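Enquirer: Let me give you the structure first, and then I'll get to my questions.
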Amino acid sequence: MSEGKNRNFSLIITVVIIGMIYTSRLFYLQVIDSSYVGFANENSKKLLVIHPNRGLIFDRNDKLIVYNDNFYDLNISYPFTLKDFDTLGFCTILNITKESFIKRMKKADKTVYRGSAVFYKNLEPHKFAALQERLYEYEKFYIETKVDRKYRTKSAAHVLGYIGEISKKKLETENEDQHYAKGDFIGISGLEKYYEKELRGEKGSKYILVDSRGRHQGSFAKGKYDVPPIAGKKVSTTLDLNLQEYAEKLMHDKMGSVVAIEPSTGEILTLVSSPGYDPEDLSIRRKSKQYIKLLRDPTLPLFNRAVTAAYPPGSVFKLLNGLIGLQEGVIYGETTFPCFRGFSIGRLHVACHPHSPSLDLRGAVANSCNAYFCYTFREILENPKYKSPREAYIKWKDYMTQFGLDNKLGSDINFESKGNIPTPEFYDKMHNNRWGFSRIISLSIGQGEILITPLQMANVISAIANRGYYYTPHCLRLVNDKNEIPKEFTTKHKINIDKANFEIVVEGMAQTMVNGTAARNSIKGVQICGKTGTVQNPHGKNHSVFMCFAPKDNPKIAIACIVENSGYGATWASPVATLLVEKYLGLSDTGTTRPDLEKRLFDAYLLNVPKPLTPERIKFLKDSTEKAKKDSTEKATRRPLGKNNPPKKTNHTDILICDKDQRIGKNQFFKYQKF
Amino acid sequence: MNQKKIFDKTSFDWPIILIYIFMVLFGWINIYSASYNETTGSIFDLSKNYGKQFLFICISGFIAIFWLFLDNKMFSLFSYLVYGVLILLVISVFVIGKEVAGNKNWISLGSFNLQPAEFAKYGVSLALAKFLGTPEARLKDRNTLFIALGIFLLPMFLILLQKDTGSALVFLSFTLVLYREGLSGIWFVIAICSIIIFILTLYFGALMVSSIFAGIVLLVYIFSSRRKYLTWIMVLITAGVVGFSSSINFLMENVLAEHQRNRILVTFGLLEDLKNQGYNVHQSKIAIGSGGLFGKGYLEGTQTKLRYVPEQHTDFIFCTIGEEWGWVGSALMMLLFVTLIGRVYYLAELQKNRYNRIYAYCVGSVLFFHFTINIGMTIGLVPVIGIPLPFFSYGGSSLIGFTILLFTMIRLDSTRTNEMSTLKDMY
């Protein structure tokens, strides 16, 4: 073989060797090393999450309350470098300044290192429309659709609750199933929170292709791997929206709460905490503006009084003492105790209002006799069955806990308070181990250290209506039209008091509406059983409390109502409750047989803050001020002036501050004052 | 006898022609795929790359057929003339060149751009064949060697001045021709050793490489039985290695541009630079690597379609093939190229005429160089040097240039068996 042939051979061999090296390198890259497939997917395949529609919320009559509403965020995808970008045109569409544009870009750059950042939250509809048309010009930007809550009512905000972006803490602690991602919405309070699992649905996913500049390039593999989202379940609440709205209207401009329960099931028909707020104020879009405003409102609209506020129950507590007395056998329905305007023991005196001096239990309930229940409570504590009043007290407290007091009821409304029935140890400490009836005499009429939430109060009255049992109050009726109520809401809680004893107290309650404290609030056509209460309040005017159920047999509704700082139970709380009964039972075609009473309640202003100054109101006040000025000058001119008779100075600002309506309310209050 | 003569005259090498046709058409549909998206229209759309490529393919086809009918003597006769004209064309770029992406190496012809560097290879091949093809040319003769070197170093230098480093480096492939024609193999040994030392120095530093090498030489010296004979050569080699190794740092820092330096470092894994110089190779490897055994299917590749790989229809066209046709397609490509180049070399050695032989070697070497560098860079084995893949990459100049290059060889080869014409050519 010649030299040339040799070299030719070696050249060909080199070519073959290089070919083999490349082929094996390709085999390594393409077949053996699978990491490149991952890189490629990371590069070009983007998993878009499709948010499911949140479940809708209905009331008990299948009326829609909460639904969903889309809104749009403008996002920018990483890296945030813009080439040949028409900043001016872009800013004009969004109506922002160039500085703001730069600021937003900087913010995005600072906070996000991959994926995308929100550039403009909640696009206004006209901006969205304008931008949608020209979005292809701004290839880095895209619009993300988000789902907000919308409401068909302005009521029930406290029950429904609201949703919001999930917090960092929750993202770490309450995310076992990895359902949530940063920026996702989650129920923050109310039913939205409690039934989050039912309402949220399941997220879907969609693979899309993204090119090297981060632009979306259509679906991957024709959507073969896409998972459609599953919408949240339909949640039917036990609320009666009509009743709820009516109750809120009645409670408007008053502080307090109303809780109505269907006794046979424990379903909450109405739960009002007044003053409330429009539930839409805390929707995603309006929250940022409204939340602080609501938070700073001195009337605390965000505070759910119905479950969180705990009050001394006042006279309504007498029912429980009566029941316990009967069950313990220390009194009978026919037992009478004398009452001459009060009860005295040593130097202590518990006053009472004028009524017949000798009443049995029924009469005492009807007339809310303080003395009678002081005697009863004494009999309970000084029962010879027990070694000491302390032991009797423990037994007494046990009855109270059976009624659901001193404990969270465990309803599906959040922020429930526990209330308070003092422990014997508490009194041991307070009275240095020496205490008896005389030390805790105020418990007999529902004052003192005991605290009860309106929901507990409603639960108590529903237990009385049922004559001895209750179901935990709850707001869930159906999930996806199927009965999927948690077990804890369907368990019967029995109370160890005989049915016959309940009947005696119920009779007394029925008498209340006939010839007792709330006689003038009785309604034709239905026998209501009620009990008024006036809670003494060291900080201001008494709280007006009323609880009732109706009808007497087979009760359909049990209501507890409390109106803070307003006066007697029969004056405010009782009308509210009885009007609701009327409405719920549908006794009148027009809604009520007592339109005057209804109007009085609609108009009354019982908040402890001045009415907010609306333009109409300022005009009204100005007019009245001028009128007063005119009057005073007229008077001044009419009167002969002299040294002994100087013209009377009128302080006009007084009139401005002092609310005329409030004064009317006051007069009315005196007018209606009876007890 | 007469009949046989005519038959021989037209006995073109069909394997090469078939491979050529296959490559060109396969390249074309891959260019279409590389530019494909949902709005892509007909493959014949002349306003798009793939449409233009179709035009170039047609032109190439005409040229190929035309070339096959040219008289054999023409090539030899006009070799220097063609070389001269093409050198002038390269020089003219300095004057009337058009700047594209910072490099001034195009001549604008209406809506098409001409890249003289792609044609200069043809001129060099012809001139080299003509010069070394004379019976009295001996590479052992120093003057002959220098002239031969000058023939391809002149355009290389000119193109280097135009900052088209990739195209310039292609001219180094002609050293393979010189090797076949008698250039001492020691130069290639030295070149390969230099590359190895270069790489080792990059990894371990000049001091380490120098001292280790010196140590090995010392050991060989101590234990060798033929000491005297080795001494001077050893000292010389050691000095050379130490000198070269120490100058690499200077070379890297001062001679090479930053992007070139980084490309080299990225290739040897000494620099993680996925955003700039490493981006191409990384994305190219991802595209090819994600292809798997059988590929994602024609028009189904995501990486190339979504423009992750820059220059995917020109220098990085192989990515599309790797991604969409998988290892099977890629291996077939390798096989075709190896067959093509091997066949060219094989035919070259069969030539009875020196001119034909040398020319065929030129063609083989140019194709070999392009193939090695281009595929090597897409799979990350060779630093990124922007040269096209013959017959595949988009570009009129390159396709037409290679067509002329190859079909001249086929034409020359077709008369191989005809002794008469061979004799005529010799004189």
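Enquirer: Out of B:345, B:361, I need the residue that is without any contact (Cβ under 8 Å) to a residue 60 or more places away in the chain and within 12 Å of chain A (Cβ to nearest Cβ). Which one? Give the steps one after another, and end with the answer.
Expert: Details: B:361 fails: without any contact (Cβ under 8 Å) to a residue 60 or more places away in the chain.
B:345 is the lone residue from the list that is without any contact (Cβ under 8 Å) to a residue 60 or more places away in the chain and within 12 Å of chain A (Cβ to nearest Cβ).
Enquirer: If you take the residues of the stretch A:580-617 that are assigned to a helix (DSSP H, G or I) and modelled with pLDDT under 85, which of them is farthest from residue A:548 (Cα to Cα)?
Expert: A:615
Table: residues versus (1) surrounded by 17 or more Cβ atoms within 10 Å (Cβ to Cβ); (2) free of Cβ contacts under 8 Å to residues at least 60 places away in the same chain.
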| site | (1), (2) |
| --- | --- |
| A:106 | no, yes |
| A:119 | yes, yes |
| A:127 | yes, yes |
| A:157 | yes, no |
| A:161 | yes, no |
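Enquirer: For the stretch B:170-186: of the residues being more than 14 Å from chain A (Cβ to nearest Cβ) and crowded, with 17+ Cβ neighbours inside 10 Å, which is nearest to residue B:130 (Cα to Cα)? I'd like the intermediate steps shown before the answer.
Expert: Pass one, the stretch B:170-186, residues more than 14 Å from chain A (Cβ to nearest Cβ): B:170-172.
In the following step, the residues that additionally are crowded, with 17+ Cβ neighbours inside 10 Å were identified as B:170-171.
On the way: B:170: 20, B:171: 17 Å.
Within the stretch B:170-186, the match that is nearest to residue B:130 (Cα to Cα) is B:171.
Residue-wise test of (1) surrounded by fewer than 24 Cβ atoms within 10 Å (Cβ to Cβ); (2) assigned to a loop (DSSP other than H, G, I, E, B); (3) touching a Ser or Thr at 6+ places or on another chain (Cβ under 8 Å).
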position	(1), (2), (3)
B:320	no, no, yes
B:329	yes, no, no
B:332	yes, no, no
B:341	no, no, no
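Enquirer: Pick from A:501, A:483, A:466, A:496: which is surrounded by fewer than 20 Cβ atoms within 10 Å (Cβ to Cβ) and more than 25 Å from the chain's Cα centre (by Cα)? Don't jump to the end; show me each part of the working.
Expert: Working: A:501 fails: surrounded by fewer than 20 Cβ atoms within 10 Å (Cβ to Cβ); A:483 fails: more than 25 Å from the chain's Cα centre (by Cα); A:466 fails: surrounded by fewer than 20 Cβ atoms within 10 Å (Cβ to Cβ).
Of the residues listed, the single one that is surrounded by fewer than 20 Cβ atoms within 10 Å (Cβ to Cβ) and more than 25 Å from the chain's Cα centre (by Cα) is A:496.
Enquirer: For residue B:285, only one of the following conditions fails: (1) over 30 Å from residue B:16 (Cβ atoms); (2) at the interface with another protein chain (Cβ under 10 Å from one of its Cβ atoms); (3) in contact with a Phe, Trp or Tyr (Cβ under 9 Å, 6 or more places away or on another chain); (4) free of Cβ contacts under 8 Å to residues at least 40 places away in the same chain. What is its number?
Expert: (4)
Enquirer: Residues of the stretch A:1-13 being more than 8 Å from every other protein chain (Cβ to nearest Cβ) and either closer than 19 Å to residue B:283 by Cβ or in a helix (DSSP H, G or I) (or both), which ones? Break it down into steps so the answer makes sense when it comes.
Expert: First pass over the stretch A:1-13, keeping only residues more than 8 Å from every other protein chain (Cβ to nearest Cβ): A:1-2, A:6, A:9-10, A:13.
A:6, A:9, A:10, A:13 - these are the residues of the stretch A:1-13 that are more than 8 Å from every other protein chain (Cβ to nearest Cβ) and either closer than 19 Å to residue B:283 by Cβ or in a helix (DSSP H, G or I) (or both).
Enquirer: Any idea which of (1) outside any helix (DSSP H, G or I); (2) touching a Cys at 6+ places or on another chain (Cβ under 8 Å) is the one residue B:303 doesn't satisfy?
Expert: Failed condition: (1).
Enquirer: Regarding residue B:209, is this residue part of a helix (DSSP H, G or I), surrounded by 12 or more Cβ atoms within 10 Å (Cβ to Cβ), not assigned by TED's automatic domain parsing to the domain that holds residue B:325 and not charged (D, E, K, R)?
Expert: Spelling it out, residue B:209 is indeed part of a helix (DSSP H, G or I), surrounded by 12 or more Cβ atoms within 10 Å (Cβ to Cβ), not assigned by TED's automatic domain parsing to the domain that holds residue B:325 and not charged (D, E, K, R).
Enquirer: Look at residue B:350 and say whether it is more than 9 Å from chain A (Cβ to nearest Cβ), surrounded by fewer than 24 Cβ atoms within 10 Å (Cβ to Cβ) and hydrophobic (A, V, I, L, M, F, W, C). Before you say what the answer is, go through the steps one by one.
Expert: Working: more than 9 Å from chain A (Cβ to nearest Cβ): yes; surrounded by fewer than 24 Cβ atoms within 10 Å (Cβ to Cβ): yes; hydrophobic (A, V, I, L, M, F, W, C): yes.
Against the criterion (more than 9 Å from chain A (Cβ to nearest Cβ), surrounded by fewer than 24 Cβ atoms within 10 Å (Cβ to Cβ) and hydrophobic (A, V, I, L, M, F, W, C)), residue B:350 qualifies.
Enquirer: Out of A:78, A:72, I need the residue that is touching a residue at least 12 places away in the same chain (Cβ under 8 Å), in contact with a Lys or Arg (Cβ under 6 Å, 6 or more places away or on another chain) and of a type outside the set (Gly, Ala, Ser). Which one? Give the derivation first.
Expert: Details: A:72 fails: in contact with a Lys or Arg (Cβ under 6 Å, 6 or more places away or on another chain).
Only one candidate passes the filter, namely A:78.
Enquirer: Same structure, new question: Just to confirm my filter: which strands (runs of 3 or more DSSP E) fall fully inside the stretch A:443-507 and include at least 2 residues that are farther than 26 Å from residue A:397 by Cβ?
Expert: Numbers: elements: A:469-471, A:476-479, A:492-494.
In the stretch A:443-507, the matching strands (runs of 3 or more DSSP E) lie at A:476-479.
Rundown of residues vs (1) farther than 25 Å from residue B:308 by Cα; (2) not basic (Lys, Arg), yes/no style:
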{"position": "B:240", "(1), (2)": "yes, yes"}
{"position": "B:243", "(1), (2)": "yes, yes"}
{"position": "B:253", "(1), (2)": "yes, yes"}
{"position": "B:256", "(1), (2)": "yes, yes"}
{"position": "B:261", "(1), (2)": "no, no"}
{"position": "B:265", "(1), (2)": "no, yes"}
{"position": "B:268", "(1), (2)": "no, yes"}
{"position": "B:276", "(1), (2)": "no, yes"}
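Enquirer: Filter the stretch A:465-495 down to the residues that are in contact with a helix residue (DSSP H, G or I) (Cβ under 6 Å, 6 or more places away or on another chain) and over 25 Å from residue A:63 (Cα atoms) and list them by number.
Expert: A:467, A:468, A:470, A:495
Enquirer: Could you grab me the full set of residues in the stretch B:20-41 that are farther than 14 Å from residue B:314 by Cβ and within 14 Å of another protein chain (Cβ to nearest Cβ)?
Expert: B:36, B:37, B:38, B:39, B:40
Enquirer: With the structure loaded, tell me whether residue B:311 is surrounded by fewer than 24 Cβ atoms within 10 Å (Cβ to Cβ), among the acidic types (Asp, Glu) and either at the interface with chain A (Cβ under 10 Å from one of its Cβ atoms) or part of a loop (DSSP other than H, G, I, E, B) (or both) or whether it fails that test. Outline the logic, then answer.
Expert: Values: surrounded by fewer than 24 Cβ atoms within 10 Å (Cβ to Cβ): yes; among the acidic types (Asp, Glu): yes; either at the interface with chain A (Cβ under 10 Å from one of its Cβ atoms) or part of a loop (DSSP other than H, G, I, E, B) (or both): yes.
Criteria met by residue B:311.
Enquirer: Go through the stretch A:417-442 and give me each residue that's in contact with a strand residue (DSSP E or B) (Cβ under 6 Å, 6 or more places away or on another chain) and in a helix (DSSP H, G or I).
Expert: Step one: list which residues in the stretch A:417-442 are in contact with a strand residue (DSSP E or B) (Cβ under 6 Å, 6 or more places away or on another chain), which gives A:419-420, A:438.
If the condition is that a residue be in contact with a strand residue (DSSP E or B) (Cβ under 6 Å, 6 or more places away or on another chain) and in a helix (DSSP H, G or I), then A:438 is the only one that fits.
Enquirer: Moving on to the next point. Does at least one position in the stretch B:377-390 carry a residue that is at the interface with another protein chain (Cβ under 9 Å from one of its Cβ atoms) and either assigned to a helix (DSSP H, G or I) or on the phi < 0 side of the Ramachandran plot (or both)? Walk me through it before giving the result.
Expert: Pass one, the stretch B:377-390, residues at the interface with another protein chain (Cβ under 9 Å from one of its Cβ atoms): B:379-381.
Next, only the ones that are either assigned to a helix (DSSP H, G or I) or on the phi < 0 side of the Ramachandran plot (or both) stay: B:379, B:381.
Yes; the residues of the stretch B:377-390 include at least one that is at the interface with another protein chain (Cβ under 9 Å from one of its Cβ atoms) and either assigned to a helix (DSSP H, G or I) or on the phi < 0 side of the Ramachandran plot (or both).
Enquirer: May I ask you to list pairs of residues, at least six apart or on different chains, whose Cβ atoms are under 7 Å apart, with the first in the stretch A:22-46 being more than 7 Å from chain B (Cβ to nearest Cβ) and the second being of a type in the set (Val, Ile, Thr)?
Expert: A:46/A:208; A:46/A:210
Enquirer: Can I ask one more? Before we move on, is residue B:326 within 9 Å of chain A (Cβ to nearest Cβ), at pLDDT 90 or above and under 30 Å from residue B:123 (Cα atoms)? Give the steps one after another, and end with the answer.
Expert: Details: within 9 Å of chain A (Cβ to nearest Cβ): yes; at pLDDT 90 or above: yes; under 30 Å from residue B:123 (Cα atoms): no.
Taking the combined requirement at face value, the residue does not satisfy it.
Enquirer: I'm checking my understanding of the structure. Among residues of the stretch A:330-358 that are among the aliphatic types (A, V, I, L, M) and modelled with pLDDT under 90, which one is surrounded by the fewest Cβ atoms within 10 Å (Cβ to Cβ)? Give the derivation first.
Expert: So the first thing to find is which residues in the stretch A:330-358 are among the aliphatic types (A, V, I, L, M), and the list is A:330-331, A:345, A:348, A:350-351.
Add one more test, that the residue is modelled with pLDDT under 90, and what stays is A:345, A:348, A:350-351.
Working: A:345: 13, A:348: 13, A:350: 17, A:351: 10.
Here the residue is A:351.
Enquirer: Residues that are farther than 26 Å from residue A:285 by Cα, in contact with a strand residue (DSSP E or B) (Cβ under 8 Å, 6 or more places away or on another chain) and aliphatic (A, V, I, L, M): does the stretch A:43-59 have at least one?
Expert: Checked against the condition, which is being farther than 26 Å from residue A:285 by Cα, in contact with a strand residue (DSSP E or B) (Cβ under 8 Å, 6 or more places away or on another chain) and aliphatic (A, V, I, L, M), the stretch A:43-59 yields at least one hit.
Enquirer: Quick check on my filter: what residues within the stretch B:180-209 are among the small types (Gly, Ala, Ser), over 26 Å from residue A:4 (Cβ atoms) and free of Cβ contacts under 8 Å to residues at least 24 places away in the same chain?
Expert: Selection gives B:205 alone.
Enquirer: Of A:121, A:154, which residue is within 30 Å of residue A:301 (Cα to Cα) and not assigned by TED's automatic domain parsing to the domain that holds residue A:209?
Expert: Working: A:121 fails: not assigned by TED's automatic domain parsing to the domain that holds residue A:209.
Only one candidate qualifies: A:154.
Enquirer: Check whether at least one residue in the stretch A:79-96 is modelled with pLDDT of 80 or more and closer than 30 Å to residue A:236 by Cα, and report yes or no.
Expert: No; the residues of the stretch A:79-96 include none that is modelled with pLDDT of 80 or more and closer than 30 Å to residue A:236 by Cα.
Enquirer: Here are some residues: A:476, A:455. Which one is over 25 Å from residue A:374 (Cα atoms), at pLDDT 90 or above and buried (at least 24 other Cβ atoms within 10 Å of the Cβ)?
Expert: Working: A:476 fails: buried (at least 24 other Cβ atoms within 10 Å of the Cβ).
Residue meeting the stated conditions: A:455.
The values are calculated or read from the model by the stated rules, or taken from the named source; none is laboratory data. None of these values were measured; they are calculated from a predicted model. Every residue, glycine among them, receives a Cβ derived from its backbone with ideal geometry; neighbour counts consider all protein chains shown.
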